[in-house]
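Here's the structure, in structure tokens; my notes come after.
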Amino acid sequence: MGHVKVTKYVAAHDSGRVVNPLTAESQVKGGATMGIGMALHEELLYDKASGLALNTGYYGARILTHKDVPDVEVIWVESEDPYGPFGAKTLGEPTIIPSPASVANAIYNAIGKRVKDLPISRDKLLGVLA
Amino acid sequence: MKSFANVNPRDWKDAVAKLQQPNAVAVGGGSDLLGMVKEHLVQPDTLVHLKAIRGQDQIARKANALQIGGLVTLDSLSREPGVRSSHTVLAEAAESVATPQIRNVGTLAGNVCQRPWCWYYRNGFPCFKNGGKQCFSITGENQFHAIFGGGPSFIVHPSDTAPALMALDAAFSVTGPKGSRTLPAAEFFALPRVDAARENVLAPGEVLVGVSLPLPRPGTRSTYHKVLDREAWTHAVVSAAVVLEMDQQVCKSARIVLGGVAPIPWRLPKVEALLAGKTITPELAAQAGELAVEGANPLAKNKYKVPLTKAVVRRTVLDLATRA
């Protein structure tokens, strides 16, 4: 109840000419993993009086585990960028830009209700569904 | 990290004697304790390592009971075919704990006696659990805290196996400087209003040696349902250990104990009484869910646990009763 599982993630990127497809694909999968975690779980909580962080460490950070990461399909929209080296464009950071929004849209598509602040945690989902 | 001595007693008498040294603590798997030493939450001078005691990692089936040594690892407990068939809820609970690496070293007694995972406690705030006089969660970040039995501390009991053991009517064997004693699971755990600094009644120097489970009556089936915030490796947001004694479609008796909602495993005697002697229908299961949250007293950020608990009780009871 209120549980979200991302079952499939498709990422299409215009990265100019893809110089090294293997590492580029890994970059996209890493970005998707971080983005889904950002959409669903990750949030740094503080004690308001002392300013100390509460959910610290590897366990507290609530990043995705292996079991949470969906199948990520990568599609290259290749083009020739005349200003980039060998026709390449940037790839690293853009991979995370659309992922929280796409997870949020998928949730809206599934339940017809919007949660507008991240992470879209169980308490917020049960709140909009109540 | 403060340095400490490690000792490996060979029997319980020796272990109890060593535990009476100043600032000594008992270690089973050590998966949690070593982290707490590193974080300065406990600063022992001596670790009394219990794994060298012979025969304490055994599961033995006696004429009328299943005896489980406290040093049985969570992994072997979850894989033991006999436990899985006769005491399913315990095998499933053990299997749901943490990660494979932790289950390989973590022990049953260690899981039952595990300290809370409240982030104020684990970050060294001067709360009741750290020897202070307040609970920071009341006005703070309390999304994972107690909705039942809270006050003055609002931690939730972190163990998955503890609700299963209570649902199975386990007897806990304890030994210490004043000798050995056996007490029912229900008397082992203590609410914060009894002692806000601790979660059970173990006296200083006492350790949990093992548990004894009565063999199930014919027609008994059981299951553990755990709600996590991701697919693996979190403590229970809400969990339910359910044991039903069935006669065809009729539930002769039920035991239901919740995890993740209270400072101790939270038994639901009124729900058990509601189900006894009745055929479990979707309507009755829904009534059980409603009754389960009677008296719930959520904090500002954990109100969602109330509908979640309702759903977990309703679904788990119905699923178990109607399972082929």
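Close Cβ contacts (under 9 Å, 6 or more residues apart or on different chains) running from residues in region B:129-146 that are closer than 20 Å to B:Val42 by Cα and within 13 Å of chain A (Cβ to nearest Cβ) to residues that are loosely packed, with under 15 Cβ neighbours inside 10 Å and not basic (Lys, Arg) comprise B:Gln134/B:Pro126; B:Gln134/B:Pro152; B:Cys135/B:Gly151; B:Cys135/B:Pro152; B:Phe136/A:Ala49; B:Phe136/B:Pro126. Name, by its number, the condition in (1) without any contact (Cβ under 8 Å) to a residue 40 or more places away in the chain; (2) out of contact with any strand residue (DSSP E or B) (no Cβ under 7 Å at 6 or more places or on another chain) that does not hold for B:Lys18. Of everything listed in (1) without any contact (Cβ under 8 Å) to a residue 40 or more places away in the chain; (2) out of contact with any strand residue (DSSP E or B) (no Cβ under 7 Å at 6 or more places or on another chain), B:Lys18 misses just condition (2). In summary, helices (runs of 4 or more DSSP H) completely within region B:46-134 and bearing 2 or more residues that are surrounded by fewer than 17 Cβ atoms within 10 Å (Cβ to Cβ) occur at B:81-86, B:100-105. Tell me, which residue of region A:25-51 that is in contact with a Phe, Trp or Tyr (Cβ under 8 Å, 6 or more places away or on another chain) and part of a helix (DSSP H, G or I) is nearest to A:Pro94 (Cα to Cα)? Per the stated criteria, the residue is A:Ala32. Looking only at residues of region A:62-105 that are of a type in the set (S, T, N, Q) and more than 30 Å from B:His235 (Cβ to Cβ), we find that the one that is farthest from the other protein chains (Cβ to nearest Cβ) is A:Ser79.
Can you name the residue in region B:89-125 that is of a type in the set (S, T, N, Q) and within 14 Å of chain A (Cβ to nearest Cβ) and, of all such residues, is farthest from B:Ser76 (Cα to Cα)? Looking at residues that are of a type in the set (S, T, N, Q) and within 14 Å of chain A (Cβ to nearest Cβ), I get B:Asn123. For region A:69-99, a residue qualifies if it is within 21 Å of A:Val6 (Cβ to Cβ), among the aliphatic types (A, V, I, L, M) and not in a strand (DSSP E or B), and the qualifying residues are A:Val69, A:Ile96, A:Ile97.
Residues that are closer than 22 Å to A:Val69 by Cβ and within 14 Å of another protein chain (Cβ to nearest Cβ) were ranked within region A:1-19; the one that is modelled with the lowest pLDDT is A:Gly2. Can you tell me which residue in region A:20-61 is farthest from the other protein chains (Cβ to nearest Cβ), limited to those that are closer than 23 Å to A:Gly87 by Cα and without any contact (Cβ under 8 Å) to a residue 12 or more places away in the chain? Filtering region A:20-61 for residues that are closer than 23 Å to A:Gly87 by Cα and without any contact (Cβ under 8 Å) to a residue 12 or more places away in the chain, the one farthest from the other protein chains (Cβ to nearest Cβ) comes out as A:Asn20. Of all the residues in region B:295-306, those that are surrounded by fewer than 21 Cβ atoms within 10 Å (Cβ to Cβ) and under 22 Å from the mean Cα position of the chain (by Cα) number 5. Within the bounds of region B:283-305, is there any residue that is closer than 30 Å to B:Asp32 by Cα and in contact with a strand residue (DSSP E or B) (Cβ under 9 Å, 6 or more places away or on another chain)? Yes; the residues of region B:283-305 include at least one that is closer than 30 Å to B:Asp32 by Cα and in contact with a strand residue (DSSP E or B) (Cβ under 9 Å, 6 or more places away or on another chain). Within region B:19-34, the only residue that satisfies the criterion of being in a helix (DSSP H, G or I) and surrounded by fewer than 20 Cβ atoms within 10 Å (Cβ to Cβ) is B:Leu34.
Scanning region B:210-230 for residues that are touching a residue at least 12 places away in the same chain (Cβ under 8 Å), in contact with a helix residue (DSSP H, G or I) (Cβ under 7 Å, 6 or more places away or on another chain) and of a type outside the set (S, T, N, Q) yields B:Val211, B:Leu215, B:Pro216, B:Arg221, B:Tyr224, B:His225, B:Val227.
Candidates B:Leu291, B:Leu202, B:Leu244, B:Leu258: the one that is more than 30 Å from B:Leu19 (Cα to Cα), surrounded by fewer than 22 Cβ atoms within 10 Å (Cβ to Cβ) and of a type in the set (A, V, I, L, M) is B:Leu291.
Just name the residue that is surrounded by the most Cβ atoms within 10 Å (Cβ to Cβ) out of those in region B:1-15 that are touching a residue at least 40 places away in the same chain (Cβ under 8 Å) and outside any loop (DSSP other than H, G, I, E, B). Ranking the candidates gives B:Ala15 first.
The values are calculated or read from the model by the stated rules, or taken from the named source; none is laboratory data. All figures in this text were calculated on a predicted structure; none of them were measured in a lab. Here Cβ is always computed from backbone atoms with ideal geometry, including for glycine, and neighbour counts include all displayed protein chains.
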